[in-house]
Amino acid sequence: MPLRPAVSILPDANAVARRLAARVADALRANPSLVLGLPTGRTPLLLYEELVRLAKDGTAGFAAATTFNLDEFIGIPATHPGSYRSFMQRHLFDHVNIDPSRINFLDGSAPDAEAEGCRYEKAIEKAGGIDLLILGIGTNGHVGFNEPSRGLAARTHRVTLKAETRRSNAALFGGDPDAVPAEALSMGMGTIFDARSVVLVATGERKAPCVEQLVSGPITTELPASFLQLHANVEIMLDKAAAQKL
Ligand code: PGA
């Protein structure tokens with residue numbers, strides 16, 4: 001029986017980005033109508049840079065692809081420079097040949113968060129489910145905005161962000177953690193689990209403790225990423241620094 005989760009360790013963050021971008025490009029070639037789940041954060045920046053490069057040289061084609069991002073802040077419009085939608089426009093969508101009508105995002109300014117969660121779940125279902133979901137991991141073990149807690153939500157839902165998560169997003173809000181919205185919408189653990197394949201990417205020494213727990217620790221709601229040990233098709237892609245405790 002193969003070891004789960006499968007772990008790949010690459011020399012550095014650039015090598016991780018190249019490997020993952022090549023995997024996405026291969027998946028797009030095999031299935032141009034691929035449904036991708038995408039993360040935000042500092043970690044995927046190099047991945048998006050590499051994907052833009054591959055799109056420009058014709059190696060990665062997004063024309064028929066569909067995307068669903070994992071999460072979005074509540075209380076700011078999509079056009080706010082701190083929104084995850086703006087982040088994705090800046091770093092990927094504005095630079096590749098993706099059809100805007102196939103970009104799916106949670107609406108953080110929707111008046112009814114519960115209804116917005118249902119809408120998103122239905123849209124994922126209608127698209128045929130997520131083929132390849134790329135995840136980052138928070139230093140506290142969160143995936144998407146599923147924060148450590150006594151219980152985890154299965155489906156797309158409203159979350160209150162932990163202080164440490166707001167701090168790590170401060171750069172999007174002029175460096176001020178208090179300016180980061182206190183709440184967000186996030187895919188749930190079940191939404192994440194329904195993806196046919198998952199790649200979790202982590203780079204840098206800061207991530208070494210949560211990566212160790214994710215790979216070797218018990219499965220616990222206090223480290224939401226640990227549930228990925230149960231997913232049948234998950235790969236953990238690391239640089240040496242993030243893998244140093246394995
Ligand atoms: P980071 O965030 O890539 O900025 O470390 C990852 C996450 O919180 O999921």
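Just check region 99-187 against the gyration tensor rule for me: Cα atoms, a ≥ b ≥ c as the square roots of the eigenvalues, rounded for a/c under 1.5, and otherwise prolate or oblate depending on whether a/b exceeds b/c. Judged from the Cα gyration tensor, region 99-187 comes out prolate (a/c at least 1.5, a/b above b/c).
With the charge dipole of region 6-239 set up from +1 on Lys and Arg Cβ and -1 on Asp and Glu Cβ about the Cα centre, the Cα lying farthest toward the positive end among the listed residues Ile98, Leu172, Pro218 is that of Ile98.
When shorter helices are ignored and each DSSP H run of at least 4 residues is given -39500 (n - 2.57), the per-residue value for the chain at 222 nm works out to -9000 deg cm²/dmol.
Under the rule a/c < 1.5 gives rounded, and otherwise a/b versus b/c splits prolate from oblate, where does region 144-195 land using the Cα gyration tensor? Don't skip to the answer; put the middle values down first.
On the way: a/c = 2.82, a/b = 2.19, b/c = 1.29.
Prolate.
Report, as a whole number in µm² per second, the diffusion coefficient that Stokes-Einstein gives for region 6-239 at 37 °C and 0.692 mPa s using the Kirkwood radius over alpha carbon pairs. Answer, rounded: 186 µm²/s.
Beta bridges per DSSP, both residues in region 6-239: antiparallel share near 25 percent.
Gain on full extension, evaluated as 0.36 nm per residue between Ala64 and Thr79 minus their Cα-Cα distance, stands at 3.0 nm. Of all lysines in the structure, those lying under 17 Å Cα to Cα from Lys240, and not within fewer than 8 positions of it along the same chain, are Lys207. May I ask you to give the percent of accessible area on region 6-239 that is carbon plus sulfur, with a probe radius of 1.4 Å? Its accessible area is 52 percent carbon and sulfur atoms.
Of all aspartates and glutamates in the structure, the ones whose alpha carbon falls short of 17 Å from that of Lys162, not counting any fewer than 8 places away in one chain, are Asp71, Glu72, Glu147, Asp176, Asp178, Glu183, Glu222. Only Lys, Arg, Asp and Glu carry charge here, each on its Cβ (+1 for the first two, -1 for the last two); on that basis region 1-113 has a dipole of about 380 debye about its Cα centre. Compactness of region 173-223 was expressed as the Cα radius of gyration divided by 2.2 N^0.38 Å, which yields 1.49. Within the full protein context, the accessible area of His80 is estimated at about 60 Å² for a probe radius of 1.4 Å. In a fully extended conformation the segment linking Asp112 and Ile9 would gain 32.9 nm over its present Cα-Cα distance, using 0.36 nm per residue.
Under a 1.4 Å probe, what is the accessible area of the chain per residue, stated in Å²? Numbers along the way, then the final one.
Working: 10780 Å² over 246 residues.
Ligands and nucleic acids excluded, the figure is 44 Å² per residue.
Once C-alpha pairs closer than 8 Å and six or more residues apart are averaged by separation and normalised to the residue number of the chain, the relative contact order reads 25 percent. In a reduced charge model with +1 at each Lys and Arg Cβ and -1 at each Asp and Glu Cβ, the chain shows a dipole moment near 440 debye about its Cα centre. Size descriptor for region 118-244, Kirkwood hydrodynamic radius: 15.2 Å (Cα pairs only, one decimal).
The values are calculated or read from the model by the stated rules, or taken from the named source; none is laboratory data. Model, not experiment: these values are computed from the prediction. Backbone-built Cβ (ideal geometry, glycine too); neighbour counts: all protein chains shown. To get the accessible areas, we keep the full protein, side chains included, count just its heavy atoms, and leave off ligands, DNA and RNA. Shrake-Rupley method; radii C 1.70, N 1.55, O 1.52, S 1.80 Å.
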